[in-house]
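The values are calculated or read from the model by the stated rules, or taken from the named source; none is laboratory data. All figures in this text were calculated on a predicted structure; none of them were measured in a lab. A quick note on method: Cβ atoms are made from the backbone with ideal geometry, for glycine too, and the neighbour counts reach across all protein chains shown. Only protein heavy atoms, including side chains, enter the accessible area calculation; ligands, DNA and RNA are left aside. Shrake-Rupley method; radii C 1.70, N 1.55, O 1.52, S 1.80 Å.
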Amino acid sequence: MCSIIGYKGKNFAAPILVNSLKRMEYRGYDSVGVATIDEGKMLVRKGTGKVAEVNKKLDMSHMLGNIGIGHTRWATHGGVTDKNAHPHAAGDNKIAVVHNGIIENYKELKSELIKTGYIFASETDSEVIAHLLNLYFNETKNIKQALMKTCKRLQGAYAFVAVFDDGTIGGVRYEEPLIVGVAKDGYFVSSDVLGFLEHTDKAIFLDNGDITIVNDDKIQIFDFNGKPVDRPITQVAWELGDIDKGKYAHHTLKEIDEQKLSIVKAYNQEEARMKKFLRILRAAKNVYIVGSGTSYHSALVAKHVFGMYAKMRVEAVMSSESKYVLSFLDEDSVVIAISQSGETADVLDSVRLAKSQGVKVLSIVNVTTSSLARMSDAFLGTNSGPEIGVAATKSFTAQLIIIYALADRLCRGKLGLDKEKLIHAVDSVLSNKSTIEKLAQELKNNKDLYLLGRSLHYPIALEGALKVKELAYVHAEGIAAGELKHGPLALMEKNTIVMILNPHDTTFNDTISNAHEIKARGATVVGLSDQKEDVYDYWIPIPALSEEAFYPIVEVIPLQFLAYYLAVGKNIDPDYPRNLAKSVTVR
Ligand code: G6P
């Protein structure tokens, strides 16, 4: 999604803003812009492309002034054009605005403003905010009033930061994140702590319906009616070093490799948190697990693991579908939300829906300062550190570790989660990346890829297909192996590539039969298994594990590598796949 940032302090704003935007670029990256105030004059530079490209072209980081705002865009309303890039200015450059979210009633507002004589420069919904601020500022000559009146007109989900030519910065949070960074020599207002973590670890997490004004070296926070509200300063824990790629060509590769460490961090849960989480879970009669994208695949794994080991029947629900299926919950139900970012709009909607029915919400979340963590009755942090690559990798395996840890406790240790054994297994798949790199070379011109798995391996087939689609733009489909005969077999012919997730566990005999059926139709079979079989044209070895529940961890890593190397082989930047955003905060 878009990133927004404002800075007011003793230093030049533009270089700080450009650097912050680079750190937050993973959220959205089709256009960039910065506005600063220098001696009462507004300067705006913006254009399409990534931060580094636009900065090179427009030299944004040398703009003068120690007050400014910045934005990276992920287009929703209006194409990817220079004019649609933020900031949007109004009132003859007296006000400029950067926005994240969607203004649902922008069409009505826009036509009303046009009738009053306002001229729009872009096709975005966001520009209405700038003109409304201008309208209400002209009316009241008061920035606080202008912000309050503007908010009362807006419908939808939004966070915005505005800069005024008198040097004031205003920020608003409504259903989209906005955080104030309190540094020694200035203030930040940002959609992500990564926007200011380099300068300060002191943060104020604004609540929904908060407005903040930074002026005269101080900060005020009040609600939409102007009533002051008190928000505490929190210390943010993440290590900045984690945000750099280090020796790696891409964040994605670094994050895949980091899994040896991140699974341990996920494993190390605070006992009191774990107990609270389990207490709520054990008391539930019905358990629904929601998530989007990769996190939904974790929910599917959880459904199997909780069922197989804890004999607990749970339902996995895609967050985007939850409003159609979770609108009639019993009070003794529990919803577990899984999310890396904790800001995915669909996930937050599922949580609101659950809460509105009096149902308790548990979450498994990486960003423990996120909206999801705050809305949950109890949460467990995956402790993966920042995940910058758009495709989820280390956060997925960390989610699985927490699911295993919970299941293990629920079945009194029958699952036998052994940290050392898992690390060893993960290490062995990580060290096999060159096999996958070679395979990716051979497969890179293929247009389609099918992945087959049963039981616990089916969610991994879906996840592998998602990775390949996201990173390499190859059509890929995860198929429940037993469903092959009910349709997909018609697609099997010479040149079709099928990956079979086939370790020697309870699914092996059935799945190997599928491999033969596919091979008999002339297709190429890639076996991902702990043993080589004659039917495999290619074999990706994985270690044999004592318990089948853990295979998803060692299966998904080779698939992450495959997607990564396919992307690199096709000259695609795997960190920033086209049209996608790391955290989708719109519906
Ligand atoms: C986006 C990302 C996916 C991610 C999904 C859910 O679509 O591109 O990689 O899996 O959101 O994100 P969350 O932060 O809720 O896990």
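At a glance:
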read-out: Centroid-to-centroid separation of the range 115-165 and the range 506-568 [C-alpha atoms, Å]; value: 55
read-out: Of all accessible heavy-atom area on the range 216-316, the percent that carbon and sulfur account for (1.4 Å); value: 50
read-out: FRET efficiency for residue 414 and residue 330, using Cβ-Cβ distance with R0 set to 30 Å, rounded to 0.05; value: 0.60
read-out: Three semi-axes of the equivalent ellipsoid, the chain, Cα gyration tensor, whole Å, largest first; value: 45, 26, 21
read-out: Shape call, the range 81-127: gyration tensor on alpha carbons, a/c limit 1.5; value: oblate
read-out: Additional length obtainable on full extension of the chain from residue 377 to residue 448, 0.36 nm per residue less Cα span; value: 21.3 nm
read-out: Neighbourhood charge, 13 Å Cβ-Cβ cut-off, centred on residue 416 and excluding it, Lys, Arg +1 and Asp, Glu -1; value: 0
read-out: Cubic angstrom per residue, convex hull over Cα atoms of the range 3-236; value: 102
read-out: Cα-centre dipole for the chain with unit charges at Cβ (Lys and Arg positive, Asp and Glu negative), debye to 20; value: 540
read-out: Long pairs among 485/519; 227/323; 265/303; 8/149; 46/94; 275/355, criterion Cα-Cα beyond 25 Å; value: 227/323
read-out: Gained length - residue 580 relative to residue 202, 0.36 nm times residue gap less alpha-carbon distance; value: 133.1 nm
read-out: Magnitude of the charge dipole, the range 354-410, Cβ model with Lys/Arg +1 and Asp/Glu -1, debye to 20; value: 140
read-out: Carbon/sulfur fraction of accessible area - the range 361-418, other protein chains in place, 1.4 Å, %; value: 44
read-out: In nm, spacing of pseudo-spin labels at residue 223 and residue 355 (7 Å Cα→C-beta vector); value: 1.5
read-out: Solvent exposure, largest accessible area first (probe 1.4 Å, DNA, RNA and ligands not counted), of 330, 230, 346; value: 230, 330, 346
read-out: Two-site FRET efficiency, residue 421 against residue 323, from Cβ-Cβ distance with R₀ of 51 Å, rounded to 0.05; value: 0.80
read-out: Vicinal HN-Hα couplings computed from phi for the range 404-416 (Karplus, 6.51 cos²θ - 1.76 cosθ + 1.60; Hz; Gly/Pro x); value: 5, 4, 5, 4, 4, 5, 5, 9, 6, x, 5, 5, x
read-out: Length released on extending from residue 517 to residue 573, taking residue separation times 0.36 nm less the Cα-Cα span; value: 16.5 nm
read-out: Cβ-derived FRET efficiency at R0 22 Å, residue 123 paired with residue 57, nearest 0.05; value: 0.50
read-out: Over the chain: helical MRE at 222 nm, DSSP H runs n ≥ 4 each giving -39500 (n - 2.57), nearest 500; value: -11000 deg cm²/dmol
read-out: At most 14 other Cβ within 10 Å, DSSP loop - trypsin sites (Lys or Arg not before Pro), the range 247-297; value: 247, 285
read-out: Selection from 72, 113, 55 lying farthest towards where the dipole of the range 47-113 points positive, charges on Cβ; value: 55
read-out: Loop sites in the range 104-201: trypsin sites (Lys or Arg not before Pro), DSSP, at most 14 other Cβ within 10 Å; value: 141, 184
read-out: Given charges at Cβ of Lys, Arg, Asp, Glu: the range 431-573 dipole, positive-most of 512, 539, 523; value: 523
read-out: DSSP beta bridge pairing in the chain, given as percent antiparallel to the nearest 5; value: 60
read-out: GluC sites (Glu not before Pro) within the range 32-109: DSSP coil, no more than 10 neighbouring Cβ in 10 Å; value: 39
read-out: Candidate aspartates and glutamates for bridging to residue 414, where Cα separation is under 13 Å - those fewer than 8 sequence places away on the same chain excluded; value: 547, 548
read-out: Nearby aspartates and glutamates by direct alpha-carbon distance to residue 360 (threshold 13 angstrom, same-chain neighbours under 8 apart not counted); value: 330, 331, 332, 377
read-out: Projected-area average for the range 89-176 over all orientations - Cα convex hull basis, square nanometres; value: 4.9
read-out: Among 410, 473, 439 the positive-end extreme of the charge dipole of the range 356-504 (Cβ point charges); value: 410
read-out: Candidate lysines for bridging to residue 245, where Cα separation is under 16 Å - those fewer than 8 sequence places away on the same chain excluded; value: 22, 254, 394
read-out: For the chain: accessible area per residue (Å², 1.4 Å); value: 39
